[in-house]
Amino acid sequence: MNVFFTADLHFGHGQNKKGYGGIIHHAHRPFPDTDSMDSTIIANWNNMVGHGDHVWILGDFAWKNHVQYIHRLKGKKFLVKGSHDMMNTNALRLFAEVHIGMAQRSFDGKMFTLTHCAMRVWERSHYGSINLYGHSHGRLTETDERLQMDVGVDVWDYKPVPLELILMIMKTRKHSENQRTASELEADVAALARRNADYRATFETA
């Protein structure tokens, strides 16, 4: 059994009745229309994923016709709901699991925090836990100092990302939750407390 991660598929997310918007426009996707986009993403998924594999979808699965899209995709599907996952019970029950906000799992001995939106800090991030996310369509800067990754289709050639590839990349990261010295950290905390005290004083005397 293989494990994959993906996000922001936006199946069926075309233009509105006035001809505006749609994910192809918003995310600058290289497809002439929504049908072409959907067909490409589905083909890519089914070429990589087997029927017994697990796929974690970190939000924004589809705009409409959710049941139809779920049935066209191989594998056991796990959903962390995103901004546009407005689906009924008939669709939700087709997922192996549905999570609101986040899910935490251990894969191959590593802890993962799975979210739709990227997190600044997350559970056990200072112990090497990994945050996978979507939502941003590649617009957040990623650095080699954070164990964090956008798994959305816009930055992964419209394909799911295998767990083994994520672990390989994370091994190259120079993880440091806080690059400040203990004395620098203490000084910064004290400075923040003083600033907040000034804000409170201004508020209370207004």
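The values are calculated or read from the model by the stated rules, or taken from the named source; none is laboratory data. All of these numbers come straight from a predicted model, not from anything done at the bench. Don't worry about glycine lacking a Cβ; one is built from the backbone with ideal geometry, like all the others, and counts go over all protein chains shown.
Applying a threshold of 8 Å to beta carbon distances and a minimum spacing of six or more residues, or different chains, the list of pairs starting in segment 96-124 at a residue that is in a loop (DSSP other than H, G, I, E, B) and among the basic types (Lys, Arg) and ending at one that is at pLDDT 95 or above and surrounded by 15 or more Cβ atoms within 10 Å (Cβ to Cβ) reads ARG124/MET111; ARG124/THR113. Checking each residue in segment 11-34 for being modelled with pLDDT of 85 or more, within 13 Å of ALA62 (Cα to Cα) and either touching a Phe, Trp or Tyr at 6+ places or on another chain (Cβ under 7 Å) or among the charged types (D, E, K, R) (or both) picks out PHE11, GLY12. A count restricted to segment 125-162 and to residues that are over 14 Å from the mean Cα position of the chain (by Cα), surrounded by 15 or more Cβ atoms within 10 Å (Cβ to Cβ) and part of a helix (DSSP H, G or I) stands at 1. Of HIS99, HIS116, all but one fail to be modelled with pLDDT of 95 or more, surrounded by fewer than 20 Cβ atoms within 10 Å (Cβ to Cβ) and closer than 15 Å to VAL55 by Cα; the exception is HIS99.
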